[in-house]
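Scroll down for the structure; my scribbles are underneath it.
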Amino acid sequence: MLAIERRRLIAESIRSRGVVSVTEMADALGTTEITLRRDLRAMARDGLVVRTHGGAIRPAGLGHEPSYSEKAQQAAGEKASIARLALEMVRPGDSIVLGPGTTTLALARLLVHCPELTVVTNSLLVAQALMEAPRVEVILTGGTLRRSIHALVGPATEESVRALRASQAFISGNGFTADRGLSTPSPLVAATDRALAGAAQHVVVLADHTKIGQETMCQTVPAARVHTLITDSKASPAELEAVRAVGVEVLVADADGRGEIKRATA
């Protein structure tokens, strides 16, 4: 197959799925991973893709907010692993905050059988996932519906969590770096997520490898305010080392949802 044809098929896959894996795409095209990486490097130079560890994602731009359906198709297996590792941080009797996102939703689905748990959320999907959990009390914030993420946002949401205090907040976003921490394309969502993080003693960011090293327009929570980052084993080691260097604990989930804890350097 000619390079131009391979790259056309790669571009089509990224447009439909939002992300491609080097291994999966090489198998699908019947080529080697070395050739596939060469294609991705060339496409990245042309601005057609953004390289990630192990693959590439669609070049969304700093101000583009992906839809929920777009995000749901990206790194689904890794998000499930991150959620399973995050579950180990939740204890009976906890009061936690769960923000919107596909990874936080994966965590919510695992919380159904947790005893004596209180969950504060602005995500309609998280609230729906916990609907049948008899021992989980769900507090749904007020706010304005943001349809793209199926969540309530805005000043009313911020006000509704201002007087609350939870043990942990599990939040997500569109990018995470050592310099800027967690970020998102929307100022409205960023302000709401800051309020959610501010309601917790311990802030945990759930971010799969496609988010690590990426920056979007609006800073949500600076790295100095994040206590723990949970990601997956495909995340760039260099990026994770930089995150540890600024004082963030990093937990890396493997495919089984178990993980390796690496403490921040002093």
Could you check the range 52-161 for helices (runs of 4 or more DSSP H) lying wholly inside it with 1 or more residues that are modelled with pLDDT under 95 and closer than 30 Å to Ser236 by Cβ? 68-72, 76-87, 102-110
In this structure, is Arg225 surrounded by fewer than 17 Cβ atoms within 10 Å (Cβ to Cβ) and modelled with pLDDT under 95? no
Residues of the range 112-141 being under 22 Å from Pro185 (Cα atoms) and not polar (S, T, N, Q), which ones? Leu124, Leu125, Val126
List every residue pair whose Cβ atoms lie under 7 Å apart, where the two residues are 6 or more positions apart in sequence or sit on different chains, the first residue falls within the range 145-161 and is under 19 Å from Gln128 (Cα atoms), and the second residue, located anywhere, is polar (S, T, N, Q) and in a helix (DSSP H, G or I). Val153/Thr192; Thr157/Thr192
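For the range 90-119, what are the residues that are hydrophobic (A, V, I, L, M, F, W, C) and under 20 Å from Leu182 (Cα atoms)? Talk me through it step by step, then tell me what you get.
So the first thing to find is which residues in the range 90-119 are hydrophobic (A, V, I, L, M, F, W, C), and the list is 90, 96-98, 105-108, 110-112, 114, 117, 119.
Passing the criteria: Ile96, Val97, Leu98, Leu105, Ala106, Leu107.
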Search result, residues across the range 191-224 that are closer than 26 Å to Val20 by Cα and of a type in the set (A, V, I, L, M): Val205, Leu206, Ala207, Ile212, Met217
Do we find a residue being in contact (Cβ under 8 Å) with a residue 24 or more places away in the chain, small (Gly, Ala, Ser), buried (at least 24 other Cβ atoms within 10 Å of the Cβ) and farther than 17 Å from Lys79 by Cβ anywhere in the range 163-175? yes
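If you check Ala151 against the conditions, is it farther than 18 Å from Val226 by Cα and either touching a strand residue (DSSP E or B) at 6+ places or on another chain (Cβ under 6 Å) or of a type in the set (A, V, I, L, M) (or both)? Quick ask: steps written out before the conclusion?
Details: farther than 18 Å from Val226 by Cα: yes; either touching a strand residue (DSSP E or B) at 6+ places or on another chain (Cβ under 6 Å) or of a type in the set (A, V, I, L, M) (or both): yes.
It is true that Ala151 is farther than 18 Å from Val226 by Cα and either touching a strand residue (DSSP E or B) at 6+ places or on another chain (Cβ under 6 Å) or of a type in the set (A, V, I, L, M) (or both).
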With criteria (1) surrounded by fewer than 19 Cβ atoms within 10 Å (Cβ to Cβ); (2) outside any helix (DSSP H, G or I); (3) in contact with a strand residue (DSSP E or B) (Cβ under 8 Å, 6 or more places away or on another chain), Asp179 comes up short on (3)
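The values are calculated or read from the model by the stated rules, or taken from the named source; none is laboratory data. Given the structure is predicted, the values throughout are model-derived calculations rather than measurements. Using ideal geometry, Cβ is built from the backbone for each residue, glycine included, and neighbour counts are taken over all protein chains shown.
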